[in-house]
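The values are calculated or read from the model by the stated rules, or taken from the named source; none is laboratory data. Source: prediction; values computed, not measured. Every residue, glycine as well, gets a Cβ built from its backbone with ideal geometry; the counts of neighbours run over all protein chains shown. The area values use the complete protein model at the heavy-atom level, side chains included, leaving out ligands, DNA and RNA. Shrake-Rupley method; radii C 1.70, N 1.55, O 1.52, S 1.80 Å.
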Amino acid sequence: LTFEGSSSGRIRLSDFYASKEEKGWTGFDERREFLQQLGVLDESDVEQTRIIIPNYLLNPMNCAGPWGYHATCSINECEFLMSDLEGALGSPEAPPNVIAQEVAALPSATVKAPRTLPSALV
């Protein structure tokens, strides 16, 4: 896939579909309406709808299974970050600037903190 250079965690929907044709990959053929229902589309710019990559990858549709009572899914490292963020905020709601400040202070397995968040994410 050709990712955007803005570190936004998004890819244009047209590039998403083109990757199947260009690379001969299976998958990447979900209908737009289905992607909307999954909550993976960023439609804030009607000229260039984008796929929110983490939402797409962590979608339950990408789990192996389900087999009756369980499914096998990849570990969602974001859950640990969300838990830390919720603990730091201490509230189910917070102003966007406070959330951004706390996110910038979160260390992860791949990024040291504190960090400067890309303007596309703030």
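General remarks:
- Residue check, Ser108 part of a loop (DSSP other than H, G, I, E, B), under 23 Å from Asn62 (Cβ atoms) and open to solvent by less than 80 Å² (accessible area, probe 1.4 Å): yes
- Selected residue [at pLDDT below 90, under 30 Å from Asp29 (Cβ atoms) and among the acidic types (Asp, Glu)] from Glu79, Glu93: Glu79
- Evaluation of Glu30 against (1) at pLDDT below 75; (2) outside any helix (DSSP H, G or I); (3) farther than 15 Å from Ala120 by Cα (one fails), failing number: (1)
- Selection of first residues in region 29-54 that are among the β-branched types (Val, Ile, Thr) and surrounded by 13 or more Cβ atoms within 10 Å (Cβ to Cβ) and of second residues that are at pLDDT 90 or above and in a loop (DSSP other than H, G, I, E, B), restricted to Cβ pairs under 6 Å at least 6 apart or on distinct chains, gives the following pairs, ordered by first then second residue: Thr49/Glu43; Ile51/Val40; Ile52/Val40.
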